[in-house]
Amino acid sequence: MALKTRLALIAPLILILTACLGATAPAGTPTPLPEPSPTPIPLPRNPPGVYRPTLDAPYFRTPEYGIQIFSWWDLENGVRDLDLVKDMGFGWVKQGFAWRDIEHSAKGYYDWFRPDEVVNLVEQRGLKLLVRLDHQPFWAQEDGGATPLPSAPPKNYSDFGDFCRVFAGRYKGRIGAYQIWNEPNLSREWGNQPPNPAEYVRLLAACYVGIKTADPAAIVVSAGLAPTGTDDDTAMPDDKFVRGMYEAGGANYFDMLGVHAAGYMNPPERSPDDTEADPALQARWITFRHVEDIRQIMIDYGDENKQMVVLEMGWTTDAVDPNYAWFAVTEQQQADYLARGYQWAKENWSPWMGLMITIYMADPDWTEKNEQYWFAINRPSFPDFDPRPAYFALKEMEK
């Protein structure tokens, strides 16, 4: 035991003995006052009459099929990919709608050209749209944009809430679901600050109330979280983060809990109990079925009547970059695992699993240096389409 630790144990005993002997503090020594506890910032109240789906009347069947696309800066490529998604028999697409690309220059000044185009294109094909809202405008940052950050919470969460309200009002009844932020359990997605589930709940609450005020029937999904075992200032394990959300009152501010289901090198059926017992892995988060661990947290907090949404599922084929090569699979394994993942959900996760979104239809600008290149179900190309085996597996699987 270190000296410092010993002293920490002895000091309280001295104080107790002094009190028992009737000793008093020397004259003129003020009694230190306890530091005041910070007053917690109250969360906003939800507007009345909001729609909250339950397992008794679920919004999604188990599962529904979606894929993430990148049509924002290339509408021609978006048209092609939307047609391919429909041909696959998938009913949903996910598209990022960056806050900074819409309310770019200053608060209250909006550019609706691209969001209007994307929403219209999806509707014209009879598909449903999950919108991911994140990426602050630089003017909304704590420093006013002096150091532009790729992804950071705004200085005033009410600015984000106002944006969410205006957005939901413009597209009322036309957006299938909203995802609020992405992977806030990673520092790089949280302004390089340590992940903080209570702060994320404040951000989520501001947007939830904004959306539900404008469109009470809208569906709001919490952010997908990165499955990780790292627990320091750079990242927080997703299960710990979800518990923190519940402890902070987050259950009132999402209709469905979002998760990410990365299988790493494991087939989708492999149990997290098995990988935890594997001496080479010793981790639960490294499996597709880690989703079941997160589901158990929902049950523990009495939130079992909500569905979940897999906002990202996939397996990488990157055998080049050492950061990814250790869990890379072959292209044929990628195809098999994706199709089997949907089948596992259909057979084992009903009715609590809803929409499941595969990553990705490739952005034509990606190269092998991009992480996403290796997860995609096609190789980047336009106008020609260069599918990987995963495209055909997802198209041909039973739905």
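Return yes or no: is residue 93 under 27 Å from residue 47 (Cα atoms) and β-branched (Val, Ile, Thr)?
In short, no.
Inside the stretch 304-325, can you point out the residues that are in contact with a strand residue (DSSP E or B) (Cβ under 7 Å, 6 or more places away or on another chain) and assigned to a loop (DSSP other than H, G, I, E, B)? Can you show your working first?
Initial filter on the stretch 304-325 (in contact with a strand residue (DSSP E or B) (Cβ under 7 Å, 6 or more places away or on another chain)): 305-314.
Selection gives 305, 306, 307.
Could you tell me which of the residues 340, 289, 270 is closer than 29 Å to residue 381 by Cα and of a type in the set (Lys, Arg)?
Unique residue meeting the criteria: 340.
Considering only the stretch 267-287, state which residues are among the charged types (D, E, K, R) and either part of a loop (DSSP other than H, G, I, E, B) or under 26 Å from residue 177 (Cα atoms) (or both).
Scanning the stretch 267-287 gives 269, 270, 278, 284.
Taking the stretch 363-390, which residues are buried (at least 22 other Cβ atoms within 10 Å of the Cβ) and touching a residue at least 60 places away in the same chain (Cβ under 8 Å)?
375, 377
Only one residue in 247, 269, 276, 292 is closer than 20 Å to residue 334 by Cβ, at pLDDT 95 or above and surrounded by fewer than 22 Cβ atoms within 10 Å (Cβ to Cβ). Which one?
After ruling out the rest, the residue left standing is 269.
Out of 152, 106, report the one residue that is more than 26 Å from residue 355 (Cβ to Cβ), of a type outside the set (S, T, N, Q) and surrounded by fewer than 17 Cβ atoms within 10 Å (Cβ to Cβ).
Details: 152 fails: surrounded by fewer than 17 Cβ atoms within 10 Å (Cβ to Cβ).
Result: 106 is the single residue among 152, 106 that is more than 26 Å from residue 355 (Cβ to Cβ), of a type outside the set (S, T, N, Q) and surrounded by fewer than 17 Cβ atoms within 10 Å (Cβ to Cβ).
Cβ-Cβ below 6 Å, separation at least six or inter-chain, first residue in the stretch 146-170 and among the acidic types (Asp, Glu), second buried (at least 22 other Cβ atoms within 10 Å of the Cβ): which pairs?
Sorted first by the residue in the stretch 146-170, then by its partner, the pairs are 159/140.
When both residues are 6+ apart or on different chains and their Cβ atoms are under 6 Å apart, which pairs have a first residue that lies in the stretch 324-337 and is of a type in the set (Val, Ile, Thr), and a second that is surrounded by fewer than 18 Cβ atoms within 10 Å (Cβ to Cβ)?
The qualifying pairs do not exist here.
From the set of residues in the stretch 121-175 that are at pLDDT below 95 and among the charged types (D, E, K, R), which is nearest to residue 89 (Cα to Cα)?
Checking each candidate, the answer is 142.
Under 23 Å from residue 130 (Cα atoms) and in contact with a helix residue (DSSP H, G or I) (Cβ under 9 Å, 6 or more places away or on another chain): which single residue out of 268, 351, 364, 272 fits that description?
The match here is 364.
Criterion first (surrounded by fewer than 21 Cβ atoms within 10 Å (Cβ to Cβ), over 24 Å from residue 128 (Cβ atoms) and aromatic (Phe, Trp, Tyr)) does residue 337 satisfy it? Give the derivation first.
Details: surrounded by fewer than 21 Cβ atoms within 10 Å (Cβ to Cβ): no; over 24 Å from residue 128 (Cβ atoms): yes; aromatic (Phe, Trp, Tyr): yes.
So residue 337 does not fit the description; no.
What do you reckon, is residue 94 in contact with a strand residue (DSSP E or B) (Cβ under 8 Å, 6 or more places away or on another chain), outside any loop (DSSP other than H, G, I, E, B) and of a type in the set (Lys, Arg)?
For residue 94, the condition - in contact with a strand residue (DSSP E or B) (Cβ under 8 Å, 6 or more places away or on another chain), outside any loop (DSSP other than H, G, I, E, B) and of a type in the set (Lys, Arg) - is met.
Of all the residues that make up the stretch 164-198, how many are charged (D, E, K, R) and assigned to a loop (DSSP other than H, G, I, E, B)?
3
For (1) assigned to a loop (DSSP other than H, G, I, E, B); (2) farther than 23 Å from residue 205 by Cβ; (3) hydroxyl-bearing (Ser, Thr, Tyr); (4) modelled with pLDDT of 95 or more, each residue gets a yes or a no:
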site	(1), (2), (3), (4)
43	yes, no, no, no
46	yes, no, no, no
51	yes, no, yes, no
70	yes, yes, no, yes
80	no, yes, no, yes
101	no, yes, no, yes
107	yes, no, no, yes
119	no, yes, no, yes
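Only residues that are crowded, with 21+ Cβ neighbours inside 10 Å and either out of contact with any Gly (no Cβ under 8 Å at 6 or more places or on another chain) or in a loop (DSSP other than H, G, I, E, B) (or both): list them for the stretch 252-266, please.
253, 254, 255, 257, 263, 264, 266
Go through (1) in a helix (DSSP H, G or I); (2) in contact with a Phe, Trp or Tyr (Cβ under 6 Å, 6 or more places away or on another chain) and name the single condition residue 201 misses.
Evaluating residue 201 over (1) in a helix (DSSP H, G or I); (2) in contact with a Phe, Trp or Tyr (Cβ under 6 Å, 6 or more places away or on another chain) leaves (2) as the failure.
Restricted to the stretch 326-366, and to residues that are in a strand (DSSP E or B) and among the hydrophobic types (A, V, I, L, M, F, W, C), which residue is nearest to residue 271 (Cα to Cα)?
If we take residues in the stretch 326-366 being in a strand (DSSP E or B) and among the hydrophobic types (A, V, I, L, M, F, W, C), then 353 is nearest to residue 271 (Cα to Cα).
When residues of the stretch 275-305 are filtered for being basic (Lys, Arg) and in contact with a helix residue (DSSP H, G or I) (Cβ under 7 Å, 6 or more places away or on another chain), how many remain?
Qualifying residue count, the stretch 275-305: 2.
Within the stretch 122-133, is even one residue in a helix (DSSP H, G or I), touching a strand residue (DSSP E or B) at 6+ places or on another chain (Cβ under 6 Å) and surrounded by 13 or more Cβ atoms within 10 Å (Cβ to Cβ)? Quick ask: steps written out before the conclusion?
In the first step, residues of the stretch 122-133 are kept if they are in a helix (DSSP H, G or I); the result is 122-124.
Within this subset, residues satisfying the condition of being touching a strand residue (DSSP E or B) at 6+ places or on another chain (Cβ under 6 Å) are 122.
Applying the additional criterion that residues be surrounded by 13 or more Cβ atoms within 10 Å (Cβ to Cβ) yields 122.
Yes, the stretch 122-133 contains a residue that is in a helix (DSSP H, G or I), touching a strand residue (DSSP E or B) at 6+ places or on another chain (Cβ under 6 Å) and surrounded by 13 or more Cβ atoms within 10 Å (Cβ to Cβ).
The values are calculated or read from the model by the stated rules, or taken from the named source; none is laboratory data. No experiment lies behind these values; they were computed from the predicted model shown. Cβ: placed from backbone, ideal geometry, glycine included. Neighbour counts: every protein chain shown.
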